[in-house]
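I have placed the structure first, in the form of structure tokens, so that the comments after it can refer back to it.
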Amino acid sequence: MTRPSRFDGTIGRTVADSAAWFDEPPHPGADAPNVVVVLLDDTGFAQFGCYGSDIDTPNVDALAAGGVQFTNFHVTPLCSPTRASLLTGRSQHAVGMRAVSNFRTGFPNQLGHISNHAATVAEVLREEGYATFCVGKWHLAPMEQCSAAGPFDQWPLARGFDRFYGFLEGETDQFHPELVCDNHPIEPPAGPDDGYHVSEDLIDQLLKMVSDSKGVRPDRPFFAYVPFGATHAPHQAPAAYLEKYRGKYDEGWDVVRRRWFERQLELGVIPEGTQLAPRNPGVDAWDDLPDNQQALACRLQEAFAAFLDHTDDQIGRLVDGLRDMGHLDDTVVIVLADNGASQEGGPFGVMHEMKFFNGIFETPDEAIAKIDDIGGPHSHTNYPWGWAQCGNSPFKWYKQNTHEGGVHVPMVVHAPGRIAAEQAGTMRDQFVNVADIVPTIYDLVGIAPPDQYRGIDQLPVTGHSFADILGDAAAPAANTLQYFEMAGSRALVAGDRSSLWKAVCKHTQGADYDTEPWELYHLTDDWSECNDLADQQPDKLAELIDLWWQEAERHGVLPLDDRMVELFGAHFRPNSPHPPDRRYVYRPPMSPMPGQASAAIGGRAFDLTARVTRAAGDDGVLYATGTENSGVSVFVQNDRLVVDYNAFDEHVILESDVEVPSGDATLVAKFRRGAGMAGSMSVEVDGRPAGAVDLPLFMRMMSSVGPSVGFDHGSPVSNRYDAPFPFVGTLHEVVIQLLSKQDVDALEAEAATEMSRQ
């Protein structure tokens, strides 16, 4: 007979001579607060209204007015590392996330996921009896593991969350998102024509989760993690929000940045005497820009402002929902950004952000023709450097950099009952780091992180609780030594409020780490890093550099590694889902796949072969990857095999010059990379050549949206059909064979021999 592992009662022959025993489930106590962490993406220090901008963010501003506003809060320079540190209370390198989760390097500081030796706050709180929810962007699992095939051990539900609704990639189309519910992909409940936007959907789902939990278990507190896709590119918002900001930034970034800076001084979010950093290299004076460049830049900034405004309204809906349920007064709400404003729009801004990752800088004269698409479903925009630096006011540099523009961001904490009424609306200028948030949550809840979690030894929580600072503006900073690192750029902040120093080195990829110059700033009276003291105080700089190396050893930062975008192509590692022979076989029905879990066709020669059985008139998509903004679709239409190669809305369409026969057929599309950025494609029907065409641009990176087999998921890659345009006949399989240069050379030689023989 089997019995439960623990039973503290007694068992006699009958109930009368037995004593029952009931296991008490964990509970953090009646006074334990609910905790909500709202994370925005690529949002600079100045961009909330309460931090200086003229963008309408009344809901975040209201949380600041009812709570405390942190003015010296720091994060890592990139999204996944910040999220890893935020959820664990530890260094991002120590937990295996020095950069984005899209790649692994074979070193402990880049696992592509959070180490299992670092339990997340959701895992810890759930063990204490909390309900745990996550809605939004995850980006903390290796993307090659984020298909419906799993494994799921680094998805949200396996890392402590009871429920998840959102997307697993680093970004998504806000109107056509790639959604996951719990552990399975789903289609969005509506589309842009129905008024759908994913930020609204996320809050709808979270409020339902909270209501479901509290309706049945009102005694059980909840932890909710709300990482919006906003304001990461693509900058997309409903039309009414876009219209609201039309013409608002026609003065240009120099005037607007100066105005925001002056308002920061007036509000007190930066100290008196702070200088406005000079324009970054590559940011020209606004008045020197040509008309088209100004017009494009204004419209791109309008889209960002609309996106942030719309997101703020969703935060307001969340706050109102908690208030209506009666939970706001016992909820700690933390709102922060994951890094500074993004530099990924380049000097001009982009209509299609993937152009940046293809090394293409679209000129304003080229982009201006489609200016009215900006911010809507038919765009994937990011703004130019000038507006990004404006968003990071008063600082220099951006996301990805370890200067203040990349790491100094807003944070607001609203905690009724834990922040005295007379403290509401006050500011905190103590240095705080993102790793300090989880220890503070543990302090407020009244728990200690475990030394072991489910049998696994745990890394120490190295963040510093700032719970004392919440109630006392005069309390000393708990964190007095903090390192930063991103792709070889390094920094260290050391000291307290009376004397806070920073050493920083902006690394150039491939440069010698040992000879690159470091800069030295006394942040106490130089928040914007304008007065480099390296030459004046070489001993102080040497001291801080030595401390950086000590912290690097302590937190697992080494080895320094300046590889970034080039690692996206590293598919063929041990234990990856990618076959050694680079042959992928897909048989429907299949769920859509993330790009990194599927055939890596970007920038590569490949053959796509589809075996079908059909009757005349049986049309539909065989394979599609990407969106209406960029991608490739292979489909049958009007009894012809069609390929639409959509290179950033420049469509090259190849239609077979023979019909696809009824019955069984083998359909082939061949893609070849040519010289420079060019390429070509051809089609065959049952082994017979049926057409070929040159490709002016052979895309190296196509889209953040991956492929679907037998239909076109999300927005349609081709404008020759409406998605999903499923294949009506029988699609037996789609085989993609990636080809090396040697493969291509051999095939071409074989073809030449065959042509000669014939």
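The values are calculated or read from the model by the stated rules, or taken from the named source; none is laboratory data. For clarity, every value in this text was computed on a predicted model and none was experimentally measured. Methodologically, a virtual Cβ is constructed for each residue, glycine included, from the backbone with ideal geometry; neighbour enumeration extends over all protein chains shown.
Applying a threshold of 6 Å to beta carbon distances and a minimum spacing of six or more residues, or different chains, the list of pairs starting in the range 399-418 at a residue that is assigned by TED's automatic domain parsing to the domain that holds Asn339 and ending at one that is in a loop (DSSP other than H, G, I, E, B) and β-branched (Val, Ile, Thr) reads Val407/Val75; Val409/Val75. Would you check if there is a residue in the range 473-495 being free of Cβ contacts under 8 Å to residues at least 40 places away in the same chain, of a type in the set (A, V, I, L, M) and not assigned by TED's automatic domain parsing to the domain that holds Leu544? Checked against the condition, which is being free of Cβ contacts under 8 Å to residues at least 40 places away in the same chain, of a type in the set (A, V, I, L, M) and not assigned by TED's automatic domain parsing to the domain that holds Leu544, the range 473-495 yields at least one hit. Scanning the range 627-652 for residues that are among the hydroxyl-bearing types (Ser, Thr, Tyr) and modelled with pLDDT of 95 or more yields a total of 2.
Annotation note: of Ile334, Ile270, Ile360, the sole residue that is outside any loop (DSSP other than H, G, I, E, B) and either in contact (Cβ under 8 Å) with a residue 12 or more places away in the chain or out of contact with any Phe, Trp or Tyr (no Cβ under 7 Å at 6 or more places or on another chain) (or both) is Ile334. Kindly establish whether Glu353 is in contact with a strand residue (DSSP E or B) (Cβ under 6 Å, 6 or more places away or on another chain) and within 23 Å of His176 (Cβ to Cβ). So Glu353 fits the description; yes. For the range 502-550, the candidate set comprises residues that are of a type in the set (D, E, K, R) and closer than 20 Å to Gly406 by Cα; within that set, the residue that is nearest to the chain's Cα centre (by Cα) is Lys506.
Residue by residue, here is whether (1) more than 16 Å from Ser591 (Cα to Cα); (2) of a type outside the set (Lys, Arg); (3) buried (at least 24 other Cβ atoms within 10 Å of the Cβ) holds:
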position	(1), (2), (3)
Gly687	yes, yes, no
Ala690	yes, yes, no
Met699	yes, yes, yes
Ser703	yes, yes, yes
Ser708	no, yes, yes
Tyr721	yes, yes, no
Phe725	no, yes, no
Gly729	yes, yes, no
His732	no, yes, no
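Scanning the range 432-484 for residues that are assigned to a strand (DSSP E or B) and of a type in the set (Val, Ile, Thr), we see that the one that is nearest to Thr120 (Cα to Cα) is Ile456. For the residues Cys181, Cys134, the requirement of being surrounded by fewer than 19 Cβ atoms within 10 Å (Cβ to Cβ) and either at positive phi or modelled with pLDDT of 95 or more (or both) singles out Cys181.
In the range 498-521, the residues that are without any contact (Cβ under 8 Å) to a residue 12 or more places away in the chain reach residues that are of a type outside the set (Lys, Arg) and in a strand (DSSP E or B) with C-beta atoms within less than 6 angstrom, at least six apart or across chains, in these pairs: Glu516/Cys505.
Yes or no, residue by residue, for (1) in contact with a His (Cβ under 7 Å, 6 or more places away or on another chain); (2) modelled with pLDDT under 95; (3) crowded, with 21+ Cβ neighbours inside 10 Å; (4) among the basic types (Lys, Arg):
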| residue | (1), (2), (3), (4) |
| --- | --- |
| Val445 | no, no, yes, no |
| Asp468 | no, no, no, no |
| Gly471 | no, yes, no, no |
| Thr480 | no, no, no, no |
| Met486 | no, no, yes, no |
| Ser498 | no, yes, no, no |
| Val504 | yes, no, yes, no |
| Glu519 | no, no, no, no |
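Tell me, yes or no, whether the range 282-294 has at least one residue that is over 12 Å from Gly386 (Cα atoms), among the polar types (S, T, N, Q) and surrounded by 18 or more Cβ atoms within 10 Å (Cβ to Cβ). Checked the range 282-294: no residue is over 12 Å from Gly386 (Cα atoms), among the polar types (S, T, N, Q) and surrounded by 18 or more Cβ atoms within 10 Å (Cβ to Cβ).
When the range 364-418 is filtered for residues that are touching a Gly at 6+ places or on another chain (Cβ under 8 Å), at positive phi and crowded, with 24+ Cβ neighbours inside 10 Å, only Trp397 remains.
Looking for something in the same structural domain as Gly268 (by TED's automatic domain parsing), in contact with a Leu (Cβ under 9 Å, 6 or more places away or on another chain) and not hydrophobic (A, V, I, L, M, F, W, C) - is there at least one such residue anywhere in the range 447-455?
No, because not a single residue in the range 447-455 is in the same structural domain as Gly268 (by TED's automatic domain parsing), in contact with a Leu (Cβ under 9 Å, 6 or more places away or on another chain) and not hydrophobic (A, V, I, L, M, F, W, C).
Take the residues of the range 704-721 that are touching a Pro at 6+ places or on another chain (Cβ under 6 Å) and in a loop (DSSP other than H, G, I, E, B): which is farthest from Phe167 (Cα to Cα)? Filtering the range 704-721 for residues that are touching a Pro at 6+ places or on another chain (Cβ under 6 Å) and in a loop (DSSP other than H, G, I, E, B), the one farthest from Phe167 (Cα to Cα) comes out as Gly710. Looking only at the range 142-176, count every residue that is surrounded by 24 or more Cβ atoms within 10 Å (Cβ to Cβ), over 26 Å from Pro218 (Cα atoms) and either free of Cβ contacts under 8 Å to residues at least 40 places away in the same chain or touching a His at 6+ places or on another chain (Cβ under 6 Å) (or both) and tell me the total. Selection size over the range 142-176: 1. One residue stands out among those in the range 378-419 that are touching a strand residue (DSSP E or B) at 6+ places or on another chain (Cβ under 8 Å) and of a type in the set (A, V, I, L, M): the one that is nearest to Cys505 (Cα to Cα), which is Val407. Count, please, the residues in the range 325-348 that happen to be surrounded by 24 or more Cβ atoms within 10 Å (Cβ to Cβ) and either among the acidic types (Asp, Glu) or within 19 Å of the chain's Cα centre (by Cα) (or both). Number of matching residues: 9.
Being touching a residue at least 60 places away in the same chain (Cβ under 8 Å) and either assigned to a helix (DSSP H, G or I) or farther than 14 Å from Gly510 by Cβ (or both) is the filter here; which residues of the range 553-567 pass it?
Correct list: His555, Gly556, Val557, Leu558, Pro559, Val565, Leu567.
Answer yes if at least one residue in the range 387-398 is at pLDDT 95 or above, touching a Leu at 6+ places or on another chain (Cβ under 9 Å) and in a helix (DSSP H, G or I), and no otherwise. The answer is yes; a qualifying residue exists.
For the range 1-47, taking the residues that are among the polar types (S, T, N, Q) and surrounded by 12 or more Cβ atoms within 10 Å (Cβ to Cβ), the one that is farthest from Tyr398 (Cα to Cα) is identified as Ser18.
Any residue at all in the range 30-44 that is in contact with a strand residue (DSSP E or B) (Cβ under 7 Å, 6 or more places away or on another chain), in a helix (DSSP H, G or I) and either among the hydroxyl-bearing types (Ser, Thr, Tyr) or over 30 Å from Glu344 (Cα atoms) (or both)? No, the range 30-44 contains no residue that is in contact with a strand residue (DSSP E or B) (Cβ under 7 Å, 6 or more places away or on another chain), in a helix (DSSP H, G or I) and either among the hydroxyl-bearing types (Ser, Thr, Tyr) or over 30 Å from Glu344 (Cα atoms) (or both).
Is it the case that Ala224 is more than 26 Å from Arg299 (Cα to Cα), crowded, with 24+ Cβ neighbours inside 10 Å and among the small types (Gly, Ala, Ser)? Here the answer is yes, as Ala224 does meet what is asked.
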